[in-house]
Amino acid sequence: MYIRAFIILSFLQLFNNTNLIAKTENYWEGKVRIINPGPPLNLDDIDYAPYITQDGKYMFFSTGRVGNFINEEGYSHDIWLAIKSKSEDSAFSQIFNLSPPDKANSLINTIRNEGSVCISNDNKILYFTGCNRNDSHGSCDIFIALLQFQDNTIFVGDIINLGTQVNTKNFESAPSITPDNMKLFYTKSDIRGKTYNILEYGIRKLIDEKPTQDIWYSEFDTITKIWKPGIPLSIINTKNDEMAPYICPDNKTLIFSSNGRKDGFGGLDFYFTVLDSNGEWSEPKNLGKPFNTSDDDLGISFNGTGDIAYFSSKRDDIEGEQGDYDIYMAYLSEPFFKEARTISWQQLSDATVLIDIYDNSGNPVNSINMGFQKSGRHSFQWDGLDSKGITLPTGVYQFEITIGNEMPEPPRVLRIK
């Protein structure tokens, strides 16, 4: 078996999430510079749910602008892609509809609404929200699309509904996949069976009653190759709304939006929780200012090194506001999460294991022979050194795991039941 994944290495003075829990709500004030990139990323329509790839080059987002499909309510919500040359750049060289209406076979975007997305670390599997599609199980479901990048061109392959273990007759949206592709967090409508209207801002809208959304998760079964039944993340959910989860590249820090806590600044605020060594989530904490405002703050993602974030907000305190939800870019003076150097894998049989590590350009930097390993789940803490024992610089690195002698294609979610 052959596995390719990504690992984040940072040797800056790292920020410890445990310390943040003990800090005041004003910890980030003076340590974050937030800008509104302005047009053409943000227009006077709604622009929301940004998701940046680990190399900081590609950003997916949802929007309701000219160039989208048109339905009975006007322009539908479509998924767009913004491309830039360097992670730290604030300007995007290209911004376009990922699957425009004038394309002969528009696979992802439709006349209905498509919303919040995430993408696997190898940029090959896009998880997205699709509403009222022919193969939907409810109002909005989570789908996957197989992607292939060639320079700045993207080819879209099969579109697959994630299945009834995750999708129900209600509303599922806002997926966030872990770096190892083993767990999917998402937003789910109230399990008590209230009736909701169709999509607004990629989030369901209640017609007559108070809206309630919860965060759920599903784990991937490596034996059956399907997703297990979803489970609510109880420590996060309240009687009000918790939505738009984002699992950070460290695979330990989960950020989400909530209006159900007493320490909020108003509207939806960003909160975070950290997974400890015992597999327990910490009590959620408000992310504080300047990320949160008295307006709605919803949908966030980070680059691989944790020092640049993108998020959407209805705030009006930063120059360049275009109206409704805009997408904002935040430069952090220190990484939000600790470096991720844990390499994990699942093997179905006893075999020898070899780990090859590459830089983000594909150049080999180290090869680690793990020897003979028993079947089961394994993990290895990389020391961040190259083959000569030299400390590598900050950046995003790839690793390949070879189990036994066979090297098939990297595992993907190809069969959904």
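Just so you know, all these numbers are worked out from the coordinates, no wet-lab data involved. Note that the structure is predicted; figures quoted are calculated from it, not measured. Positions of Cβ are generated from backbone atoms using ideal geometry, with glycine treated the same way; all protein chains shown enter the neighbour counts.
If packing is taken as the average number of other Cβ atoms within 10 Å across a peptide's residues, how do 50-61, 215-226 rank, most packed first?
Peptide ranking by packing, descending: 50-61, 215-226.
Neighbour counts of other C-beta atoms within 10 Å: give me MET243, MET329 arranged from fewest to most.
So the residues, fewest neighbours to most, are MET329, MET243.
Taking the Cα-to-Cβ direction at LYS239 and at SER90 and moving 7 Å from each Cα, how far apart do the two end points lie in nm?
4.3
Determine the relative contact order of region 17-332: mean sequence separation of Cα pairs under 8 Å and six or more apart, normalised by residue count, in whole percent. Please report the intermediate quantities before stating the final value.
Numbers: 827 pairs, mean separation 61.0, N = 316.
Worked out over region 17-332, it gives 19 percent.
Which of the GluC sites (Glu not before Pro) found in region 270-342 are in a DSSP loop and have at most 15 neighbouring Cβ atoms, other than their own, within 10 Å?
The qualifying sites are GLU280, GLU319.
Going out from 0 in 10 Å bins, what whole percent of all Cα-Cα distances in region 17-332 drops into each bin?
6, 29, 39, 23, 4, 0
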